[in-house]
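Below: the structure, in structure tokens.
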Amino acid sequence: MTVPSDIHPLLAVENLSCAVPGPAGAMRILTDVSFTLPHATALGIVGESGAGKSMLVKTIMDIAPSRAAVTGAVRLDGTALQSLDTRTRRTTLGRRVGMVFQNPMTSLNPFVRVGRQVEEASRKHLGLDRRAAREKAIALLRAVGIPDAAECYHGFPHQFSGGMKQRIMIATALACDPELLIADEATTALDATVQKDILDLLQTLQQRRRMSMILVTHNLGVVAGRTDEVIVMYGGRLVEHAPTERLFASPRHRYTAALLSAMPRIDQPAHTRLATIPGQPPSLAHPEPGCPFAPRCPAAIDACRAAMPPMTVSADGRHRFACHVPLDAGISGDASVRQPEAANV
Amino acid sequence: MRSAGSTYLRAAGTRLLAGIPVFVLVTFAATALSDLMPGSAAQTILGENATLEQIAALNAEYGYDRPAVIRYLDWLGGLARGDLGYTLFSRQPVAELLVNRAAVTFEIALLAMLVSLLLAIPLAMVSAARAGGLVDSTLSAVTSFLLSIPTFVSVVVLSYVFSIVLRWLPATGWVSPFVDPLGNLMFVALPVLSLSVHQSAYFFRVARSQFAATLQEDFVLVARAKGLSTSYIMLRHALRPSLPQVLTVLGLSMTFLLGGSFIVESYFAVPGIGWTVLNAVKNHDLPVVQAILSLTVVIFVVVFILVDLGYALIDPRVQAT
Ligand SMILES: Nc1ncnc2c1ncn2[C@@H]1O[C@H](COP(=O)(O)OP(=O)(O)OP(=O)(O)O)[C@@H](O)[C@H]1O
Ligand code: SF4
Ligand SMILES: [Mg+2]
């Protein structure tokens with residue numbers, strides 16, 4: 001185990017960009033994403049489908065498609081991963097970062113016993129022998145709430161429900177006691193009733209094990225109360241980054257505000273039709289100049305279409321956003337951006 | 001895996017029963033169709049100048065003047081007693097002949113299968129692991145070339161190179177492995193190689209595309225995120241999920257191997273069933289044709305049973321029923 005240092009954040013992402021060749025020229029899937037994640041901190045990454053959230057975490061994990069051209073740096077505890085040789089980089093990431101994917105049905109290999117899938121990383125990276133690895137795997141399966149952990153260890157994935165499979169995946173991700181757990185839409189494919197259980201489990205594990213965690217979701221409700229900070233992504237860019245309560249209470253970026261107003265609310269009667277943000281996500285192949293949200297933004301001015309808004313940092317350095325016409329600090333964005341919904345019906 | 005053995009046995013039994021109608025259909029057709037074939041066994045035995053009376057007498061002696069249904073029932077009765085009749089000319093028991101000849105063909109077919117798999121599977125893994133790389137594109141070009149070569153051409157080329165130019169292997173002939181094991185291998189080498197050329201290229205193609213497809217699966221991405229090495233991922237995560245597809249092709253390729261054995265056996269003068277059936281058809285030796293056809297049906301039924309059971313062994317989600 002590396003001793004967590006106070007000098008370096010656990011994770012530092014610096015000017016990360018990623019482009020994939022497409023039929024209509026290179027698609028810029030990520031553009032200039034930078035952020036840091038301290039030790040033992042939970043971070044939410046939020047954005048619409050196609051915003052580049054999955055690509056961001058895959059690039060961090062070095063499992064982006066091989067044809068993707070990646071620039072920028074990812075540092076783990078101060079070490080630039082790109083400076084390591086491929087083998088060391090993969091091993092480092094595999095040991096220190098655990099990842100849970102969106103679809104537990106396809107993330108577990110149906111041909112391989114559960115036990116092996118849970119323990120293979122710990123056998124490789126921690127050098128555990130068969131017996132120690134099995135004990136650890138069964139303990140982890142128990143810790144993620146699987147009733148018959150020993151039986152589950154010998155079973156095959158198809159014998160379990162979706163929720164159980166995702167618990168197994170989480171145990172798998174914890175095999176090497178990672179310092180960072182990344183959950184990419186870990187509950188999206190599950191029944192609504194199971195979603196909350198899994199999210200609560202992730203939160204409990206994060207706090208009990210003092211890990212950092214990245215919760216990727218398109219649903220702001222998921223990160224509320226479960227994360228310390230939130231990053232909002234739009235069109236492959238980081239558009240806002242703030243402590244969670246602050247982002248909910250006073251978003252500065254117009255897109256964040258629109259997302260917040262599109263959120264289902266507890267005070268609404270059940271089955272109210274969700275307000276969605278009108279318009280299309282931006283084209284990644286042919287980005288317009290200026291703010292990518294401009295075509296859909298109710299507050300857009302000419303400057304928005306002309307130039308990319310620079311990243312603004314709040315006085316205390318804890319709130320960053322890239323918007324030409326930010327909402328006022330301290331005023332809930334909810335009211336000021338809630339557009340005449342009637343006009344769009 | 002509770003009493004997996006008995007489950008598999010029961011599953012095999014059900015499928016064998018299901019194969020019976022096919023068996024009856026094919027073997028009866030063989031009996032009936034012999035009436036429609038030009039010429040007749042009697043004609044062949046007696047020669048061009050035989051009189052109609054002589055032919056009729058011979059047909060009566062062998063029972064060929066009876067209706068097809070009766071002849072078929074007669075044959076079935078014999079089959080039940082393990083008696084498949086006698087060959088028309090040498091008057092040898094057909095059952096004995098069949099066992100000897102089938103053993104030869106099986107040896108060649110199984111060796112060809114083994115050689116092809118041992119070549120194709122590892123190469124396919126290496127190719128798929130670096131899809132689009134140098135190894136991959138080279139092998140892809142080589143195998144499409146090999147696939148375009150018909151068996152009768154590879155037979156000629158291989159025997160020219162290995163027995164005429166290099167003089168490493170005998171050109172034709174055969175010796176029983178019980179008499180001379182090493183000599184037997186020398187004799188079957190060329191037939192086996194000839195069949196393997198096409199076969200290994202074919203297995204490679206199928207296995208490579210299946211490996212490439214498996215590598216797109218989410219669980220492979222998960223394995224990569226765990227920091228596992230490529231060779232570990234190929235062997236532990238990609239191999240088994242790719243096998244059912246290969247197994248299907250393995251079953252189907254039995255048709256190719258049996259078909260290929262006609263060409264290969266007659267070229268290399270190897271006394272297998274391909275060679276035997278060709279001669280038997282030429283001579284209207286109906287008992288032999290009949291026996292080989294039945295054997296072929298049995299082989300196919302058995303191969304498909306094995307393939308089915310293979311799926312259940314490979315894939316934990318498939319139940320043998
Ligand atoms: N392997 C790939 N090759 C090419 N383009 C890709 C690939 N994977 C994703 N993309 C593209 O990258 C963009 C971002 O995709 P990504 O999966 O990161 O979005 P996301 O924010 O995770 O969305 P979702 O909420 O749907 O998961 C999309 O436009 C997508 O089409
Ligand atoms: S920069 Fe302009 S267009 Fe973009 S979100 Fe802010 S106000 Fe809207
Ligand atoms: Mg995603």
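For segment A:8-250, the residue among A:19, A:169, A:71 whose Cα projects farthest onto the positive side of the dipole built from Cβ charges is A:169. Amide H contacts of residue A:72 (H built 1.01 Å from N, in plane; Pro and chain starts excluded): A:17 sit under 5 Å, all sequence-distant by 5 or more or on other chains.
Measuring nothing but protein heavy atoms, the accessible surface of chain A at 1.4 Å probe radius is 53 percent carbon and sulfur.
With the biggest extent put first, the Cα atoms of segment B:183-262 measure 51, 26, 14 Å across the principal axes.
Put simply, the Cα atoms of segment B:99-282 extend 61, 35, 30 Å along their principal axes, the longest span coming first. For segment A:16-56, count all C-alpha to C-alpha pairs, find those more than 17 Å apart, and express that count as a whole percent of the total. Of the Cα pairs, 43 percent sit more than 17 Å apart. The distance linking segment B:66-80 with segment B:131-197 is 42 Å (Cα centroid to Cα centroid, whole angstrom).
Between residue B:147 and residue A:263, what FRET efficiency follows from the Cβ-Cβ distance if R0 is 56 Å, with the result rounded to 0.05? For residue B:147 and residue A:263, the calculated efficiency is 0.45.
Sorting the segments A:247-259, B:294-306 by their mean number of nearby beta carbons within 10 angstrom, highest to lowest, gives A:247-259, B:294-306. Rounded to the nearest 100, the interface formed by chains B and A buries 2200 square angstrom of accessible surface, both chains summed, with a 1.4 Å probe.
Which residue, B:121, B:238, B:267, has the largest displacement toward the positive end of the dipole of segment B:99-282 when charges sit on each Cβ (Lys, Arg +1; Asp, Glu -1)? With unit charges placed on the Cβ atoms, the residue in question is B:238. For chain B, the dipole from Cβ point charges (+1 on Lys and Arg, -1 on Asp and Glu) about the Cα centre works out to 1320 debye, to the nearest 20.
Coupling constants for segment B:57-74 follow from the phi torsions by the Karplus curve (6.51 cos²θ - 1.76 cosθ + 1.60, θ = phi - 60°), and in residue order they are 5, 5, 4, 5, 4, 7, x, 7, 8, 7, x, 4, 4, 5, 4, 5, 4, 4 Hz; glycine and proline get x. Under 5 Å between amide hydrogens, built in the peptide plane, is the criterion, and for residue A:239 it picks out A:232, A:233, A:234 among residues at least 5 positions away or on other chains. Excluding ligands, DNA and RNA, the accessible surface per residue across chain A is 45 Å² with a 1.4 Å probe. Mean projected area of the Cα convex hull of chain A, taken over all directions, amounts to 19.1 nm².
What the pair-distance distribution of segment B:228-310 shows, using all Cα-Cα distances binned every 5 Å from zero, is 3, 13, 16, 17, 14, 10, 9, 7, 5, 4, 2, 1, 0 percent.
When the Cα convex hull of the protein assembly as shown is projected onto planes of every orientation, the mean area is 41.8 nm². Taking every DSSP bridge with both residues inside the protein assembly as shown, close to 60 percent are antiparallel.
Label sites at residue B:245 and residue B:178, each approximated as a point 7 angstrom past Cα along Cα to Cβ, lie 4.3 nm apart.
Taking every Cα-Cα distance in segment A:93-248 and sorting them into 5 Å bins starting at zero, the pair-distance distribution P(r) comes out as 2, 10, 19, 21, 20, 13, 7, 5, 3, 0 percent.
Remark: segment A:8-250 carries a charge dipole of roughly 720 debye about the Cα centre, counting +1 on each Lys and Arg Cβ and -1 on each Asp and Glu Cβ. Note on segment B:247-321: with neighbouring protein chains present and a 1.4 Å probe, carbon and sulfur make up 74 percent of its accessible heavy-atom surface. Here segment B:259-321 and segment A:56-80 have alpha carbon centers that stand 55 Å from each other. Over segment A:222-261, the fraction of Cα-Cα pairs per 5 Å bin, rounded to whole percents and listed from the shortest bin up, is 6, 26, 36, 23, 8, 0. Only Lys, Arg, Asp and Glu carry charge here, each on its Cβ (+1 for the first two, -1 for the last two); on that basis segment A:88-179 has a dipole of about 300 debye about its Cα centre. Within 10 Å of the Cβ of each residue in A:113-124, the mean number of Cβ atoms contributed by other protein chains is 2. Shown for segment B:241-274: residues covered by the partner protein chains by 20 Å² or more of accessible area relative to the chain by itself (probe radius 1.4 Å), namely B:241. Relative contact order of chain B, taken over Cα pairs closer than 8 Å and 6 or more residues apart, is 27 percent. List the residues of segment B:298-321 whose backbone N lies under 17 Å from a point placed 7 Å from the Cα of residue B:6 along the Cα-to-Cβ direction. Answer for segment B:298-321: B:320-321.
Beta bridges assigned by DSSP with both partners in chain A are antiparallel in approximately 60 percent of cases. Contact order, relative form, for chain A: 19 percent (alpha carbon pairs under 8 Å, 6 or more residues apart, mean separation divided by residue count).
When the protein assembly as shown is described by a simple charge dipole with +1 on each Lys and Arg Cβ and -1 on each Asp and Glu Cβ, the residue from B:69, B:133, B:312 located farthest towards its positive end is B:133. The ellipsoid equivalent to the alpha-carbon distribution of segment A:1-102 has semi-axes of 24, 16, 13 angstrom, derived from the gyration tensor eigenvalues as √(5λ) and listed largest first. With a simple spin-label model that places each label point 7 Å from the Cα along the Cα-to-Cβ direction, the separation between residue A:325 and residue A:15 comes to 3.2 nm. A probe of 1.4 angstrom, applied to the heavy atoms of all protein chains, finds residue A:308 with accessible area near 80 square angstrom. From the alpha carbon centroid of segment A:162-180 to that of segment B:85-114 is 58 Å. Shielding value for B:225-238 is 6, the average number of Cβ atoms from other chains within 10 Å of each residue's Cβ. Please report, to one decimal in angstroms, the Kirkwood hydrodynamic radius of chain B built from all distinct Cα-Cα pairs. Hydrodynamic radius (Kirkwood, Cα only) of chain B equals 22.6 Å.
Report the calculated FRET efficiency for residue B:32 and residue B:110 (r = Cβ-Cβ distance, R0 = 41 Å), to the nearest 0.05. Efficiency computed from Cβ-Cβ geometry: 0.80.
The values are calculated or read from the model by the stated rules, or taken from the named source; none is laboratory data. Computed from a prediction, not measured in an experiment: that's the story for all the values here. Quick reminder, even Gly has a Cβ in these numbers, built from the backbone with ideal geometry, and neighbours come from all protein chains shown. For accessibility, only protein heavy atoms count, side chains too; no ligands or nucleic acids. Shrake-Rupley method; radii C 1.70, N 1.55, O 1.52, S 1.80 Å.
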